[in-house]
1. What are the residues in segment A:42-100 that are on the phi > 0 side of the Ramachandran plot and crowded, with 17+ Cβ neighbours inside 10 Å, if any?
2. Scan segment B:81-111 residue by residue and report those that are within 18 Å of B:Leu138 (Cα to Cα), polar (S, T, N, Q) and within 13 Å of chain A (Cβ to nearest Cβ).
3. Do any strands (runs of 3 or more DSSP E) lying entirely in segment A:34-125 carry at least 3 residues that are within 14 Å of chain B (Cβ to nearest Cβ) and in contact (Cβ under 8 Å) with a residue 24 or more places away in the chain, and which ones are they?
4. Of the residues that make up segment B:95-108, is at least one polar (S, T, N, Q) and under 23 Å from A:Ala45 (Cα atoms)?
5. Within the bounds of segment B:107-129, is there any residue that is farther than 19 Å from A:Thr48 by Cβ, in contact with a helix residue (DSSP H, G or I) (Cβ under 9 Å, 6 or more places away or on another chain), assigned to a helix (DSSP H, G or I) and β-branched (Val, Ile, Thr)?
6. May I ask you to list pairs of residues, at least six apart or on different chains, whose Cβ atoms are under 6 Å apart, with the first in segment B:53-80 being within 12 Å of chain A (Cβ to nearest Cβ) and farther than 7 Å from B:Asn115 by Cβ and the second being surrounded by fewer than 24 Cβ atoms within 10 Å (Cβ to Cβ) and charged (D, E, K, R)?
7. In segment B:26-52, which residues are within 10 Å of chain A (Cβ to nearest Cβ) and closer than 17 Å to A:Val49 by Cα?
8. Which of (1) under 14 Å from the mean Cα position of the chain (by Cα); (2) at pLDDT below 95 does A:Ala82 not meet, given it meets every other one?
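The values are calculated or read from the model by the stated rules, or taken from the named source; none is laboratory data. Keep in mind it's a predicted model, so treat the numbers as computed, not measured. Methodologically, a virtual Cβ is constructed for each residue, glycine included, from the backbone with ideal geometry; neighbour enumeration extends over all protein chains shown.
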Amino acid sequence: MNTNSTTKFPVSQLDFSLEIKGNETEIVISSYEDHFMVIATQIGAMGTVLYARKEEGVSINATFNVSVIFGKRDEPMLVACARQLIEHVSVSGSSKPLVLSLGLKDHSAETLKGIISAVIDNRMW
Amino acid sequence: MDSEGLEKEIEELKLQEKKGDVHAYAQGQLQITSFSELVNDVCLHFQIIRFPKQIYVWIGYNSVKLGHMYAAAPTRPNNVVSVTSILGGASDNTGSGIAHRLVLKTGLNIILACNIPKNSPMLQTEAEKILIQKLISLGYTKSRLGGTTL
């Protein structure tokens, strides 16, 4: 029987909200053993889910693979957002892939920049 | 009811809380519940994020890996449940069945990430049982008479 009542939950999580262009945005960041997960929602649902990872290769310059795995496939700003974040993850020294979930009311560059800076300010990598 | 009996019941309640070691917090619209349970020498971790119209669940079996991810929802016609694998795995892996039944129980869209290995039906059943019990206690499931609880 597990009697250790001070065990911390193994997944580190961070949950905060902020306003971006007038829309209340809630962000959850979770760190698993082999992935980072970032959820940013303004619509009360997870929205579009993207997967971004660093490619394994011999070249010095890292390359990344970003794809939409669920949801809108015709919003390039979402892909750009995932691409920015995975590069930041990589530059910070981690090679864990990123699962990014964006449920947004608007897909303007300003909104996505706001999300990127909020996530980076509170990053878990 | 005498006060001694009441006190004992309250003690038991407190003990149960500690055993489960549930971390739950709500900020804004989201409610996050995370807890771990030891089942037959195996540690199962659960992370539940409740959105207004959706639930995200992660089930960890011993490790803290994300595992395979599935999306499930009631779809046309007649709100029949559809499940698809969105990260890793195929449609016959452990998580897809759980995702399917979660939609039936909650009536909401479900995103489930689960790293329970294939071909472990006992473990899958146990994990699902614990998860459903927790969802019921949190009030996320549909009432028996029908209708969705929000």
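1. The answer is A:Gly47, A:Gly71.
2. Correct list: B:Asn109 only.
3. A:36-41, A:48-54, A:98-103
4. Within segment B:95-108, the first condition is being polar (S, T, N, Q), and the residues that meet it are B:96, B:106.
Still in the list and also under 23 Å from A:Ala45 (Cα atoms): B:96, B:106.
Scanning segment B:95-108, I find at least one residue that is polar (S, T, N, Q) and under 23 Å from A:Ala45 (Cα atoms), so the answer is yes.
5. no
6. Pairs that qualify, where the first residue is within 12 Å of chain A (Cβ to nearest Cβ) and farther than 7 Å from B:Asn115 by Cβ and the partner is surrounded by fewer than 24 Cβ atoms within 10 Å (Cβ to Cβ) and charged (D, E, K, R), are B:Val64/A:Glu33.
7. Correct list: B:Ile49, B:Phe51.
8. Among (1) under 14 Å from the mean Cα position of the chain (by Cα); (2) at pLDDT below 95, A:Ala82 violates only (2).
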